[in-house]
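> One structure coming up, written as C-alpha cells, with questions to follow.
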Number of protein chains: 2
Amino acid sequence: MALIVQKFGGSSVADAEGIKRVAKRVVETQAAGNRVVVVVSAMGDSTDELLDLAGQVSSSSNPREMDMLLSAGERISMALLAMAIHEAGSSAQSFTGSQAGMITDAIHGKARIIAVSPHRIKTSIDKGDIAIVAGFQGMSQDSNDITTLGRGGSDTTAVALAAALNADVCEIYTDVDGVYTADPRVVPAARKISTISSEEMLEMAASGAKILHLRCVEYARRFGVPLHVRSSFSQLEGTWVLPNPDDTIKIQEGEPLEQPIISGVAHDRSEAKVTVVGVPDIPGKAAEIFGIVAGAHSNIDMIVQNVSTHGSGRTDISFTLPIVEGADARAALKTAQADVGYESVEYDEQIGKLSLIGAGMRSNPGVSYKFFKALSDAGVNIDMISTSEIRISVVTSADLLDTAVRAVHAAFDLDGEAVATVYAGTGR
Amino acid sequence: MALIVQKFGGSSVADAEGIKRVAKRVVETQAAGNRVVVVVSAMGDSTDELLDLAGQVSSSSNPREMDMLLSAGERISMALLAMAIHEAGSSAQSFTGSQAGMITDAIHGKARIIAVSPHRIKTSIDKGDIAIVAGFQGMSQDSNDITTLGRGGSDTTAVALAAALNADVCEIYTDVDGVYTADPRVVPAARKISTISSEEMLEMAASGAKILHLRCVEYARRFGVPLHVRSSFSQLEGTWVLPNPDDTIKIQEGEPLEQPIISGVAHDRSEAKVTVVGVPDIPGKAAEIFGIVAGAHSNIDMIVQNVSTHGSGRTDISFTLPIVEGADARAALKTAQADVGYESVEYDEQIGKLSLIGAGMRSNPGVSYKFFKALSDAGVNIDMISTSEIRISVVTSADLLDTAVRAVHAAFDLDGEAVATVYAGTGR
C-alpha cells in the first residue's frame, strides 16, 4: 500500500467547487489503495485579503502577528477540505502546522524547518483516515510561536512531510500539467518533460522556472523524495522529478532509455544588473564590494569582472541580483563609496537571463557552440555568461529575451507539436 | 497596578476602523497604569461567512473540522488587533486558545473549560506587553484538538482568564452601555443598572436578558470575578456585576447604600410550551416523561402539573423548553406514547416568558401581590408560574408579552427619564 503526499495550491482550492474537486481526487487516490496525506494552501485570494486588512490597521510590519494572521488561511481551507472529504464518503482530519509537528526556527515570515515529527499524521493515516495538513506554517522550536515558511512554503511542507513519512511520492498539484522545456507563454511549442532529475530541476528553478520553488526541490533532492508535478484540473501524468536519475527507467517504461542531452530552457526577468565602475584594481576590492552587498541582505547571482583598462589601475565589476533587493544594495554601496574608492554605480533593470539546462551537457562538448551560435544567428547580444556543470546562463537585454529563448529552444530540437495547456492562477 | 481583562465582541472588531478604535482603548487602559489582557471574538460577520462556506462543501456536520474552521476567525481578529496596538504605540502579542492554556473537554462546538493555565499570558503582561487571547476556543485535554466553547464562549474565555489571573475586573464590551431594567426595545423608559449582584444577573440571564450569557455569569460568580458590562462605543460607566453585593458600596461611592428591591424585568420569546394530555395519574409517570425529554437533550424550564380531573385517573403535564429543541422532544415523546400511556401532546410556540428579578424580594412580601396586580390590570392572562427566592416568572401568550413587560416595569417604578442608547449588532 503506497503512501502518497498530495499538495494543492491556493488556486486549486479557491472556492467551494475547487475544494469539492480536490476532495473527489483525494478520495479516489485513497480508493485506489493508497494511504493519503494532503497538504493544502490558503484559498485563492484569501492571503491577499488578510494582507490588505493588515495594511488597513498598521503601517509597519509585525512579523510574529503577521504569521499568526496568515496562518488562519490554511486553517480555513484544510477544515473545509476535511468536510468535503467526509461528504465525498471518506474520513479526514485536518492538522495545523504545529499539530503536524512542523518545527521551525523563529524567523517569522521565512522560517526554516528544523524538524518534522508527524506522529499525529501517522496515527491518522494508520487508522484509515486521510490526513490534511496546513501548508506554509509551523511552530518555532524555542518560543512555540506560529511561524510561516515564506515563498515556496506549502511545497516545502509537502516534501518535508513526504520525507519524514517516507512516502512513495510527493504529488505537487499546480496550474499547469507539468514542467515544460520552456515557458509555454514564450515558446508555444514547448513540450512537457516526462521525467527530469532533481539536479536539473534545481537548475531550472534557480534559473527562473516558476513551477517549483528552489527550496522544495532542494529538500526533495536532499531527502530522496520523488516529486510528481501535475495539474489538479486534469488526470494527465505530469512531470516526475527524480532524485536518482536511474529511477527514470523504472517509471517511464516503454520510453527511450537514453536521457535527452538538454532538459529545457529557463528564463528570468526578476534580476537587475549592477556595475561598479572604476574600482581600484588592487587585491581585496572585489571581496570588499561583495561584503557590502551581502551586508545589505542581497543575493548576488552572476558576476563579471572586466579586464583592467591598460594603465588606468581601475576596473569595472558587474553583478546581478533580484530587482527587489536593488535599492538596498545600491544604498549600501553608496554609503561605502569613499571607503572602497570606486567612481560610480550603474544600475539596469532592463535585462533578462536565459539558461539552458541538461545533465547531458556534461558529456557533450558541442552544447556551448550550438548555444552561442543560436543566439548569434538570432541577433542576440550577450552581456554576461555563467555556467555550471549542467547549465549555461547568459544575460541579454530584456527586449530580446523572448527571441533568445525561442531560438535556443528550437536549436536544441525541443519544440514539440502539442500546444501546452496553461491554467489560471498560482498558489503559494 | 491593576490587572484588567477586556473582552470585545465581533461587532466591536467588525472592520479595520473598529479594530483601531479597540486598540486605542486598550492602549489607553494600559497607559492609565494597568496591566491589560484582551479577549477578542471573530470579526463581525466572519463566522457566518465561514459557516456559509462549510454549507457549500458539506451537507452534514463534522464537529472537529467545524471547530478547526471557526477558530480561524479569532486568529484573524487578534493578530490584526495586535498589529493595531503596535501602530498605536504599545506592544502586544496574540495567543490562540491553546497557547493561552484554555484546556477543555472534547465536546466539539460546545466544549467546557476544564483548566486554565495562562503562563504564557502572564509572561507576556509581566514584561509589559498587552496580551491578546482568542475568545471562544480552546484545546481538548486528551486529544489536543481545537475546540470551540459554543454560545457565550468569548465572554466565558474572558471570565475564565480573569479568574485564573486573579484580575481585578473583567470588562465585557458590548453593543449597549450596560444592563437595563428591561429590554429598551420593549420598554423605552428602561434605566441602566449601575450595579447588580451576580446572583440577580444570573436570574436575568436565565430569564432571557441577552446582554450576558448565563455561563459567563455563573463562572464569574463561582470564581468571584467582578464584571463590568459597558459599551465599546462610549466612555460611559456601564453596569457592574458583583459576586459579593457588599462590593457595591465600595464601587458606587456617593450612591444610596440601600439596594433596590427589584433589579429588572427580563423576557424571553425563545421557548415553547409542551402539554402532555391524559397522563395516567400514577406515581412515576412525571419522572418517566421528563426522562424521555432529557434523553432527547432538551432542557426543560418551567413545569406545571394540573390537578387530576376528579375521577378520570388522568392528568395533564405542561412544561416549557427552547423552541429549537421542540422537534426532538416531541419525536421522543411520540415514540414512547404507548409505554407512557398518555393520550396526546399539544405544542405551542406562541408563548412568552416574563420574569421579575430582585434580591430585595426575599425580604419584601408585597412583591408578588404587586406583580400579579400589574399583570391583571393590564389584562394579561397567566398560563404558568414559577419562582425562585429572587425571581418570579410567568408564561403569557406571545402577543401580550410586551404589554406585560411594560406594565410590570412601570408598577415597580423602574421607568427612568433617559432613553437608552442601543448600538447595532451582537457578538458571540
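> Using the structure shown, decide if residue B:29 is more than 10 Å from chain A (Cβ to nearest Cβ), out of contact with any strand residue (DSSP E or B) (no Cβ under 8 Å at 6 or more places or on another chain) and closer than 23 Å to residue B:171 by Cβ.
Numbers: more than 10 Å from chain A (Cβ to nearest Cβ): yes; out of contact with any strand residue (DSSP E or B) (no Cβ under 8 Å at 6 or more places or on another chain): no; closer than 23 Å to residue B:171 by Cβ: yes.
Considered against the rule, which asks whether it is more than 10 Å from chain A (Cβ to nearest Cβ), out of contact with any strand residue (DSSP E or B) (no Cβ under 8 Å at 6 or more places or on another chain) and closer than 23 Å to residue B:171 by Cβ, residue B:29 comes out as no.
> Which of the numbered conditions does residue A:333 fail, given that it passes all the others? Conditions: (1) of a type in the set (A, V, I, L, M, F, W, C); (2) open to solvent by less than 50 Å² (accessible area, probe 1.4 Å); (3) in a loop (DSSP other than H, G, I, E, B).
The failed condition is (3).
Rundown of residues vs (1) in a helix (DSSP H, G or I); (2) under 20 Å from residue A:196 (Cβ atoms); (3) without any contact (Cβ under 8 Å) to a residue 40 or more places away in the chain, yes/no style:
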position	(1), (2), (3)
A:329	yes, no, no
A:347	no, no, no
A:379	no, no, yes
A:386	no, no, no
A:400	yes, no, no
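> Can you spot a residue in the range A:382-402 that is in contact with a helix residue (DSSP H, G or I) (Cβ under 7 Å, 6 or more places away or on another chain), among the aliphatic types (A, V, I, L, M) and at pLDDT 95 or above?
no
> Conditions first: (1) within 16 Å of residue A:149 (Cβ to Cβ); (2) facing chain B (nearest Cβ under 7 Å); (3) surrounded by fewer than 24 Cβ atoms within 10 Å (Cβ to Cβ). Residue A:53 passes all but one, so which condition is the exception?
Of everything listed in (1) within 16 Å of residue A:149 (Cβ to Cβ); (2) facing chain B (nearest Cβ under 7 Å); (3) surrounded by fewer than 24 Cβ atoms within 10 Å (Cβ to Cβ), residue A:53 misses just condition (1).
Yes or no, residue by residue, for (1) more than 26 Å from residue A:82 (Cβ to Cβ); (2) at pLDDT 95 or above; (3) within 26 Å of the chain's Cα centre (by Cα):
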| site | (1), (2), (3) |
| --- | --- |
| B:39 | yes, yes, yes |
| B:47 | no, no, yes |
| B:75 | no, yes, yes |
| B:78 | no, yes, yes |
| B:102 | no, yes, yes |
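> Quick one: in the range A:288-311, which of the residues that are open to solvent by less than 70 Å² (accessible area, probe 1.4 Å) and without any contact (Cβ under 8 Å) to a residue 12 or more places away in the chain is farthest from the chain's Cα centre (by Cα)? So that I can check it myself, show each step before the final result.
From the range A:288-311, those open to solvent by less than 70 Å² (accessible area, probe 1.4 Å) are A:288-296, A:298, A:300-302, A:304, A:306, A:308; that's our starting set.
Still in the list and also without any contact (Cβ under 8 Å) to a residue 12 or more places away in the chain: A:291, A:294.
Numbers: A:291: 26, A:294: 22 Å.
Only one residue tops the list, namely A:291.
> Could you say which residue among A:190, A:205, A:160, A:167 is in contact with a Gly (Cβ under 8 Å, 6 or more places away or on another chain) and of a type outside the set (D, E, K, R)?
Details: A:205 fails: in contact with a Gly (Cβ under 8 Å, 6 or more places away or on another chain); A:160 fails: in contact with a Gly (Cβ under 8 Å, 6 or more places away or on another chain); A:167 fails: in contact with a Gly (Cβ under 8 Å, 6 or more places away or on another chain).
Matching residue, one of A:190, A:205, A:160, A:167: A:190.
> Would you pick out the residues in the range A:41-50 that are in a helix (DSSP H, G or I), more than 9 Å from every other protein chain (Cβ to nearest Cβ) and either of a type in the set (Val, Ile, Thr) or in contact (Cβ under 8 Å) with a residue 12 or more places away in the chain (or both)?
Of all residues in the range A:41-50, those in a helix (DSSP H, G or I) come to A:46-50.
If we keep only those that are more than 9 Å from every other protein chain (Cβ to nearest Cβ) as well, we get A:46-49.
Matches in the range A:41-50: A:46, A:47.
> Output the number of residues of the range A:1-38 satisfying the condition of being polar (S, T, N, Q) and in a helix (DSSP H, G or I).
2
> Further question: Inspect all residues belonging to the range B:351-361 and state whether any of them is open to solvent by 50 Å² or more (accessible area, probe 1.4 Å) and at negative phi.
no
> Collect the residues in the range A:379-410 that are open to solvent by less than 40 Å² (accessible area, probe 1.4 Å) and more than 26 Å from the chain's Cα centre (by Cα), keeping them in residue-number order.
A:380
> Listed residues A:32, A:23; which is of a type in the set (A, V, I, L, M, F, W, C) and open to solvent by 30 Å² or more (accessible area, probe 1.4 Å)? I'd like the intermediate steps shown before the answer.
On the way: A:23 fails: open to solvent by 30 Å² or more (accessible area, probe 1.4 Å).
Of A:32, A:23, the one residue that is of a type in the set (A, V, I, L, M, F, W, C) and open to solvent by 30 Å² or more (accessible area, probe 1.4 Å) is A:32.
> Here's something else I'd like to know. Taking residue A:156 as the residue in question, decide whether it is away from every other protein chain (no Cβ under 14 Å), under 17 Å from residue A:213 (Cβ atoms) and buried (at least 20 other Cβ atoms within 10 Å of the Cβ). Break it down into steps so the answer makes sense when it comes.
Numbers: away from every other protein chain (no Cβ under 14 Å): yes; under 17 Å from residue A:213 (Cβ atoms): yes; buried (at least 20 other Cβ atoms within 10 Å of the Cβ): yes.
So residue A:156 passes the test.
> Hey, can you tell me all the residues within the range B:195-245 that are assigned to a loop (DSSP other than H, G, I, E, B) and of a type in the set (Gly, Ala, Ser)?
If the condition is that a residue be assigned to a loop (DSSP other than H, G, I, E, B) and of a type in the set (Gly, Ala, Ser), then B:207, B:208, B:209, B:224, B:232, B:234, B:238 are the ones that fit.
> Right, here's the next one. Scanning for something within 24 Å of residue A:99 (Cβ to Cβ), without any contact (Cβ under 8 Å) to a residue 12 or more places away in the chain and crowded, with 24+ Cβ neighbours inside 10 Å, does the range A:64-75 turn up at least one residue? I'd like the intermediate steps shown before the answer.
Just the residues of the range A:64-75 that are within 24 Å of residue A:99 (Cβ to Cβ), to begin with: A:64-75.
Filter once more, keeping what is without any contact (Cβ under 8 Å) to a residue 12 or more places away in the chain: A:65.
Those left that are additionally crowded, with 24+ Cβ neighbours inside 10 Å: A:65.
Yes, there is a match, as at least one residue in the range A:64-75 is within 24 Å of residue A:99 (Cβ to Cβ), without any contact (Cβ under 8 Å) to a residue 12 or more places away in the chain and crowded, with 24+ Cβ neighbours inside 10 Å.
> Need pairs with beta-carbon distance below 8 Å; first residue open to solvent by 30 Å² or more (accessible area, probe 1.4 Å) and within the range A:87-111, second part of a loop (DSSP other than H, G, I, E, B) and of a type in the set (A, V, I, L, M, F, W, C); sequence gap 6+ or separate chains.
Short answer, once both residue conditions are applied: A:105/A:111; A:110/A:149.
> Scanning the range A:138-148 for residues that are in contact with a helix residue (DSSP H, G or I) (Cβ under 6 Å, 6 or more places away or on another chain) and open to solvent by less than 10 Å² (accessible area, probe 1.4 Å), which turns out farthest from residue A:205 (Cα to Cα)?
Checked the range A:138-148; the qualifying residue farthest from residue A:205 (Cα to Cα) is A:147.
> Within the range B:1-20, track down each residue that is open to solvent by 10 Å² or more (accessible area, probe 1.4 Å) and within 14 Å of chain A (Cβ to nearest Cβ).
B:14, B:15, B:17, B:20, listed by residue number.
> Kindly list the number of the only condition in (1) part of a strand (DSSP E or B); (2) free of Cβ contacts under 8 Å to residues at least 12 places away in the same chain that fails for residue B:173.
Only one criterion in (1) part of a strand (DSSP E or B); (2) free of Cβ contacts under 8 Å to residues at least 12 places away in the same chain is unmet by residue B:173, namely (2).
> Here's a follow-up. Scan the range B:224-243 residue by residue and report those that are touching a Ser or Thr at 6+ places or on another chain (Cβ under 9 Å) and surrounded by fewer than 18 Cβ atoms within 10 Å (Cβ to Cβ).
B:224, B:234, B:236, B:237, listed by residue number.
Okay, residues lined up against (1) charged (D, E, K, R); (2) out of contact with any helix residue (DSSP H, G or I) (no Cβ under 8 Å at 6 or more places or on another chain); (3) at pLDDT 90 or above:
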| residue | (1), (2), (3) |
| --- | --- |
| B:219 | no, no, yes |
| B:228 | no, yes, yes |
| B:241 | no, no, yes |
| B:253 | yes, yes, no |
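> Now for a different question. In the range A:118-136, what residues are under 23 Å from the mean Cα position of the chain (by Cα) and open to solvent by less than 10 Å² (accessible area, probe 1.4 Å)? Reasoning before the result, please.
Step one: of the range A:118-136, the residues under 23 Å from the mean Cα position of the chain (by Cα) are A:132-136.
Across the range A:118-136, the qualifying residues are A:132, A:133, A:134, A:135.
The values are calculated or read from the model by the stated rules, or taken from the named source; none is laboratory data. Here the structure is a predicted model, which is why all the values come from computation and not from measurement. We place every Cβ from the backbone using ideal geometry, glycine too, and count neighbours over all the protein chains shown. Quick note on the areas: whole protein, heavy atoms, side chains included, nothing else; ligands and nucleic acids left out. Shrake-Rupley method; radii C 1.70, N 1.55, O 1.52, S 1.80 Å.
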